[in-house]
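What follows is calculated from the coordinates using simple rules that are stated; it is not laboratory data. None of the values given here were measured: they were computed from a predicted structure. Positions of Cβ are generated from backbone atoms using ideal geometry, with glycine treated the same way; all protein chains shown enter the neighbour counts.
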Amino acid sequence: MRDLVGELARLLPARIVGEETGSHGDRASPFCWLIDPHDGTSAFLKGHRGTAVSIALLRNGLPVLGVVCAPMSPDRGWDLIAWAEGLPGVIRNGSPLAVDLSAASLESGTIVFLNHDASRKPVSNGLAIAPARFISMPSIAYRLARVAAGDGVAAVSLNGPGGVDYAAGHALLRGSGGVLLDQDGHEVRYGADGTSSVIHCFGGAPKAVKELSQRRWSQGRTEPLSRTPIVLSWNSDRSAEDLNREKGCMFGQVIGDNLGALVEFSSAKDIAAKHPLGVRELLDGGVWNILAGQATDDSELALALARTLVATKEYNQEAVATAFGDWFASRPFDIGGTAAKALGAAARAGKGKADAAHRAADTNSQSNGSLMRVSPIGIWGRWSKLADHHAREDSRLSHPNDICVDACGVFAAAIAQGVRTGDPQEMLNAAQNSAQTETVATALILAAKSLIRN
């Protein structure tokens, strides 16, 4: 922080206000630096990525420069967003952007950035920003910066932020045609000394933030918190590369599941006609009329499995069967027939839920229900043999057919190798070394030929 303050003072002597350092410097200057060296500290200490360095320059109380840098954003890695008066628009990681928020509004598919805990009250927050959707993220500075960079239409803070928190983001919004309003819908102001405070703030497209400032945000106080979130964070023995691959696998599980739900029960011909470039956009709809990005039964089970692995720190078949039984009892909107037989039995059993599932499981079915949920074992296991072993255990709970069991073991082994190495060939090798049935081994031979061609 001391080095940063010194560099800014040499760049432009002015008053300097820092969250940790207070106010000092040239108090007679019309310019004022506002610095927060780590916006989102509490979220960072809980393991969330997305905290940011925030630097703003005011001239007579007007933000004329903003720099926000998130060294570990949750989805982009290093992310540096900047703007200064006189530039045509914001700059992201050295590249100019053409973002115009002036006419944007809250619409289905648009994004509002809320704080990192917002996802624990999904109903009230979802209603508050409807018809848009929200993303939870630490740091109001970075949330505002993301909007200025065109990633959303608005960002919100309800935690009484101050000028050092939002001034840089405010400047960035100015560079993209956006505004920053307080809880009364008035433009946020700053004193000559950089002082500024609000109860709530709403930054982004003028129409969107005006509407958001008039919404009822107090309704979230009565909504009970959802289950404790699992934080895939920097506080890990994994390397940054491994962690990104692991997150990518989990995101891919749910994203692929949701994309598939858009065309479920459709023929290949119909899919090609409706999606000539492939099914690529997350949209509302499909046969179950679900939300863009919403998990179906497959990924709900995958998430139940992942949470159980984190809670037990091992693959415990009884604990997993209990989680699956609880999920069945929650009355999911869809469930395959093979899974329903076994998991329904687990749900009804008082004790011995894994044994109940085994007894009810259909040994003749070759449906893919167990394969669709097993990816977390590959991430958690990290080593192919361990992942292979436990994935087979998991499949036997509901899909004990030899081909189903083998497919799950092979799949988890490949994932474990992939998250450690990122090498497609090594993933294929791990899969081939794990195959025990002729059917699965033949499929992998065909996959190998495709890999060579591509």
Using a cut-off of 9 Å between beta-carbons, work out the net charge of the residues near Leu127 (Lys and Arg +1, Asp and Glu -1, Leu127 not included). +2
If you plug each phi of the stretch 140-150 into the Karplus form 6.51 cos²θ - 1.76 cosθ + 1.60 with θ = phi - 60°, what whole-Hz ³J(HN,Hα) values come out, in order, with x for Gly and Pro? 5, 4, 6, 4, 5, 5, 4, 5, 4, 7, x
Would you work out the charge dipole size for the chain about its Cα centre, treating the Cβ of every Lys and Arg as +1 and the Cβ of every Asp and Glu as -1, and quote it to the nearest 20 debye? 320 debye
With label points built 7 Å along Cα→Cβ from the Cα atoms of Asn433 and Val310, find their separation and express it in nm. 3.0 nm
What is the distance, in nm, between label points placed 7 Å from the Cα along the Cα-to-Cβ direction at Glu20 and at Leu277? 4.5 nm
Viscosity 0.692 mPa s, 37 °C: Kirkwood-radius Stokes-Einstein D of the stretch 298-350 over Cα pairs, µm²/s: 295 µm²/s
Result: in the chain the number of Lys pairs with C-alpha under 23 Å apart, spaced 8 or more or on different chains, is 12
Please determine, in degrees from 0 to 90 and to the nearest 10, the orientation of helix 402-421 with respect to the longest principal axis defined by the Cα atoms of the chain, where the helix direction is its Cα long axis. 30 degrees
Which value, in debye to the nearest 20, describes the size of the charge dipole of the stretch 240-453 about its Cα centre when Lys and Arg Cβ atoms bear +1, Asp and Glu Cβ atoms bear -1, and nothing else is charged? 120 debye
Around Ser105, with a cut-off of 12 angstrom between Cβ atoms, what is the net charge of the other residues, counting Lys and Arg +1 and Asp and Glu -1? 0
Between Ala268 and Thr421, Cβ-based FRET efficiency (R0 41 Å, step 0.05) works out to 0.80
Projected area, mean over directions - the chain, Cα convex hull, nm²: 24.2 nm²
Kindly provide the pair-distance distribution of the stretch 1-129 built from C-alpha pairs, with 5 Å bins from 0 and whole-percent values in order of increasing distance. 2, 9, 15, 17, 18, 17, 12, 6, 3, 1
Apply the Karplus curve 6.51 cos²θ - 1.76 cosθ + 1.60, θ = phi - 60°, to the phi angles in the stretch 377-388 and return the couplings in whole Hz, x for Gly and Pro. 5, x, 5, 5, x, 6, 10, 4, 5, 5, 4, 4
The stretch 240-453: C-alpha pair distances exceeding 28 Å, %: 29 percent
Could you work out, for the stretch 2-222, what percent of all Cα-Cα pairs fall into each 5 Å distance bin, beginning at 0 Å and stopping at the bin that holds the largest distance? 1, 8, 16, 21, 21, 17, 10, 4, 2, 0, 0
Which longest run of the chain has no exposed loop site in it, a site being GluC sites (Glu not before Pro) in a DSSP loop with at most 16 other beta carbons within 10 Å, and the site itself not part of the run? 108-263
